[in-house]
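Enquirer: Please read through the structure below; I'll follow up with questions.
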Amino acid sequence: MRKIILLSMIAFCTLSYAQSLVVTPLGLRDANDNQKTFVVINMEGKTTIELYENAIKYINKNYKSPNDVIKGKIEGEYLSFITHAEDFIPVKILGRTHYYGAGYTTELNFKDGKVKYEIINLDMKHRTGSPFRFIKDLYAWGIYNKKGEVLNDGAKVQIENYFNSQIKSLSDALNGKNNNDTW
């Protein structure tokens, strides 16, 4: 019962963000509009160039090899970067916990006062190469069954929390907030 209450509280907190993603059988979707595969981060008063430069700073501060993760950029308009997350989510399968890593591409499109944030090419795999998908099939474990029913609520919530914390962190950086300014 405590688990259900905790998961409900986490889900409620996640959905209370202005910009958040949810996991659906079709993949990551905007919590406010399941037709959209992206969220728009509103940054009132920020110019396109400011937002772009702050996104570059974010990558430079958060990645060991920033030049290696940036896969595409058009100054002031577009930025694409790759993330590899080991032990992305722990998944309980048949009473045992298996850790799945993930690789994905983040695409950012910039306009004055807003940034379009989209995750593409999300690939979740176990160290053995066994995939983890949004919909379970013969070859992979998943969050949903073919009927769209949730099989693994814990993994669903963990993926949502992971990406929504990424959105929050990026939003802070785009706004010019820096947690390391108190030295």
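The values are calculated or read from the model by the stated rules, or taken from the named source; none is laboratory data. Just so it is clear, the structure is predicted and the values come from calculations on it, not from any experiment. So basically every Cβ, Gly included, is an ideal-geometry build from the backbone, and we count neighbours across all protein chains shown.
Enquirer: Output the qualifying pairs, or none if there are none: Cβ atoms under 6 angstrom, residues six or more apart or on different chains, first residue in the range 101-127 and touching a residue at least 60 places away in the same chain (Cβ under 8 Å) and surrounded by fewer than 17 Cβ atoms within 10 Å (Cβ to Cβ), second residue outside any strand (DSSP E or B) and of a type in the set (A, V, I, L, M, F, W, C).
Expert: Pairs that qualify, where the first residue is touching a residue at least 60 places away in the same chain (Cβ under 8 Å) and surrounded by fewer than 17 Cβ atoms within 10 Å (Cβ to Cβ) and the partner is outside any strand (DSSP E or B) and of a type in the set (A, V, I, L, M, F, W, C), are G113/M43.
Enquirer: Here are some conditions: (1) exposed (fewer than 15 other Cβ atoms within 10 Å of the Cβ); (2) assigned to a loop (DSSP other than H, G, I, E, B). K46 meets all but one. Which one does it not meet?
Expert: Exception for K46: condition (1).
Enquirer: Hey, another quick one. Can you tell me which residue within the range 76-91, out of those that are of a type in the set (A, V, I, L, M) and under 18 Å from I56 (Cα atoms), is surrounded by the most Cβ atoms within 10 Å (Cβ to Cβ)?
Expert: If we filter the range 76-91 for residues that are of a type in the set (A, V, I, L, M), which is where we start, we get 79, 82, 85, 89, 91.
Filter once more, keeping what is under 18 Å from I56 (Cα atoms): 79, 82.
Values: L79: 23, I82: 14.
Ranking the qualifying residues of the range 76-91, first place goes to L79.
Enquirer: Test D172 against the criterion of being among the charged types (D, E, K, R) and surrounded by 14 or more Cβ atoms within 10 Å (Cβ to Cβ), and give yes or no.
Expert: It is true that D172 is among the charged types (D, E, K, R) and surrounded by 14 or more Cβ atoms within 10 Å (Cβ to Cβ).
Enquirer: Restricting to the range 149-179, give me the number of residues that are part of a helix (DSSP H, G or I) and not hydroxyl-bearing (S, T, Y).
Expert: Final tally of qualifying residues: 18.
Enquirer: Check off (1) touching a strand residue (DSSP E or B) at 6+ places or on another chain (Cβ under 6 Å); (2) surrounded by fewer than 19 Cβ atoms within 10 Å (Cβ to Cβ); (3) modelled with pLDDT of 95 or more for A55 and give me the number that stays unchecked.
Expert: (2)
Enquirer: Here's a check for you: in the range 58-75, which residue that is loosely packed, with under 15 Cβ neighbours inside 10 Å and touching a helix residue (DSSP H, G or I) at 6+ places or on another chain (Cβ under 7 Å) is farthest from T128 (Cα to Cα)? If you could, list the steps in order and put the result at the bottom.
Expert: Kept after step one, since they are loosely packed, with under 15 Cβ neighbours inside 10 Å, are these residues of the range 58-75: 60-61, 64-65, 67-68, 71-72, 74-75.
Next, only the ones that are touching a helix residue (DSSP H, G or I) at 6+ places or on another chain (Cβ under 7 Å) stay: 60, 75.
Numbers: N60: 31, E75: 39 Å.
Taking the candidates together, the pick is E75.
Enquirer: Mind listing whichever residues of the range 99-136 are more than 22 Å from D87 (Cα to Cα), part of a strand (DSSP E or B) and over 15 Å from the mean Cα position of the chain (by Cα)?
Expert: N109, F110, K111, K114
Enquirer: Considering (1) loosely packed, with under 14 Cβ neighbours inside 10 Å; (2) more than 17 Å from the chain's Cα centre (by Cα); (3) under 24 Å from F38 (Cβ atoms), say which one L94 fails and leave the rest.
Expert: Only one criterion is unmet by L94, namely (3).
Enquirer: Also, I was wondering about something else. I need the full set of residues from the range 20-43 which are under 18 Å from K156 (Cβ atoms), in contact with a Lys or Arg (Cβ under 8 Å, 6 or more places away or on another chain) and not in a strand (DSSP E or B), in order please.
Expert: The one that is under 18 Å from K156 (Cβ atoms), in contact with a Lys or Arg (Cβ under 8 Å, 6 or more places away or on another chain) and not in a strand (DSSP E or B): T37.
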